[in-house]
Amino acid sequence: MSSVQEPVVAGVATTPGAPPPLGVADNAPPPAGSPAPRKPRRPRRAQTFTTPGGTVVRPSRTTWRQALKRDWRLYTFLVLPLVFLLVFRYLPILGNVVAFRRFRPGSSIFGDEWVGLYYVRMFVNDQQFWHAFTNTVVLGLLTLVIVFPLPILLALMLNEVRSRHFKRSVQTISYLPHFMSVVIVAGVVFQLTAVNGTINQIITALGGDTITFMQEASWFRTIYLSSEVWQTVGWGTILYLAALTTIDDQLYEAARIDGANRWQQTWHITLPGIRPTMIVLLILNVGTFMAVGFEKILLLQNPLIYSTADVISTYLYRVGIVSNSVSYATAIGLFEAIIGVTLVLSANAISRKTVGASLW
């Protein structure tokens with residue numbers, strides 16, 4: 001008879017060398033002095049997706065060299081756009097050094113001598129520049145407040161139309177002005193606002209007096225915004241109509257079951273559904289806030305209405321091209337670019353924190 005007493009764990013007898021009972025050794029603490037067991041690493045699994053037929057597809061990992069070798073024909077389509085961006089967008093950035101150097105025609109394209117902030121102080125003390133800056137801000141704000149929401153309203157109204165032929169007709173008619181040249185648009189504006197034009201004929205027929213629209217500075221902003229709405233609103237609805245097609249119809253069906261009317265469905269389903277598109281376009285419009293339509297304003301303005309029609313872009317044209325003050329115009333353009341970048345970064349950060357949608 002052995003005098004060795006068998007160990008007893010939680011009332012269960014065990015024998016030396018035998019595996020512990022199920023559920024006892026798993027919860028038992030490790031012996032004193034032994035290292036803590038390491039948790040096994042979970043293997044990285046590639047993201048998988050399931051096809052409508054129920055097949056699980058696991059994407060294979062490919063390097064950029066393999067992708068370039070396999071799809072090099074597709075990548076060749078990027079050559080011309082990249083060359084365009086390099087030549088017309090990035091290389092001209094080097095010319096901004098002229099804002100701090102004196103440029104003379106016929107000499108080096110990077111200027112002859114360093115003048116520091118001479119041209120910066122020049123436009124800071126230039127009252128004509130600040131007058132053009134004020135007009136630019138006013139026109140930019142009016143364009144952002146009035147022109148930007150109108151494509152959203154038109155897209156929402158077209159989304160409610162049930163007649164397909166009427167909807168296509170309205171879309172076609174509203175898109176056409178976008179494809180017109182700015183010169184043609186300016187010509188149409190001159191014809192409508194002339195002394196013997198259509199608008200003055202209607203005014204005189206109603207008993208009013210003839211108005212010289214293009215000679216009175218107070219009318220320029222109204223004329224510019226009206227032509228901008230006519231030319232851009234129809235084209236701007238394309239992106240919003242495309243975004244509306246991505247909204248699930250089951251959401252509208254569930255809202256109708258809950259008793260929501262059309263206004264409530266639009267407010268709680270449609271607008272949140274197109275909110276990312278709205279935010280992206282708003283950020284892009286804020287980025288071009290200071291670059292209001294140069295071509296159209298240049299064609300419509302004249303010295304009589306400079307008090308409201310002269311903006312930074314047209315002022316740069318007169319200073320840099322007409323007066324040949326390249327360094328001075330470069331300093332103003334650099335200042336405008338810095339404001340544009342600041343507005344884009346600020347709008348993107350505010351949108352990301354408040355709404356949760358942003359460009360990056």
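Rule-based calculations on the coordinates, nothing more; no lab input. The shown structure was predicted, so the numbers you read here are calculated from the model rather than taken from an experiment. Here the Cβ positions follow ideal geometry from the backbone for every residue, glycine too, while neighbour counts run over all protein chains shown.
What the table below lists for this structure:
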{"read-out": "Projected-area average for segment 130-171 over all orientations - Cα convex hull basis, square nanometres", "value": "3.3 nm²"}
{"read-out": "11 Å cut-off, amide nitrogen to a point 7 angstrom out along LEU192 Cα→Cβ, residues in segment 142-185", "value": "185"}
{"read-out": "Cross-link partners of LYS296 among aspartates and glutamates (Cα-Cα below 14 Å; sequence separation of 8 or more within a chain)", "value": "GLU228, ASP310"}
{"read-out": "Stretchable slack from THR62 to ARG121, in nm (0.36 nm times residue separation minus alpha-carbon distance)", "value": "15.8 nm"}
{"read-out": "Distance between modelled label sites at THR246 and LEU298, nm, 7 Å Cα→Cβ extension", "value": "3.6 nm"}
{"read-out": "Linear extension gain, ARG352 paired with ARG102, 0.36 nm per residue minus alpha-carbon span", "value": "85.8 nm"}
{"read-out": "FRET efficiency, 1/(1 + (r/R0)^6) with R0 35 Å, evaluated for VAL83 and PHE110 via beta carbons", "value": "0.95"}
{"read-out": "Full-extension gain in nm, SER181 to ARG162, via 0.36 nm per residue minus C-alpha separation", "value": "3.6 nm"}
{"read-out": "Prolate/oblate/rounded call for segment 54-144, Cα gyration tensor, a/c under 1.5 rounded", "value": "oblate"}
{"read-out": "Note, ³J(HN,Hα) from phi for segment 108-125, Karplus 6.51, -1.76, 1.60, rounded to Hz, x at Gly and Pro", "value": "5, 6, 9, x, 9, 9, 7, 10, x, 8, 4, 6, 5, 5, 5, 6, 5, 8"}
{"read-out": "Net charge over other residues, Cβ less than 15 angstrom from the Cβ of LEU359 (K, R count +1; D, E count -1)", "value": "+3"}
{"read-out": "Amide H partners (placed H, <5 Å) of ARG101, local residues excluded", "value": "VAL115"}
{"read-out": "Computed label-point distance, nm, for sites TYR90 and ILE199 using a 7 Å Cα→Cβ extension", "value": "4.5 nm"}
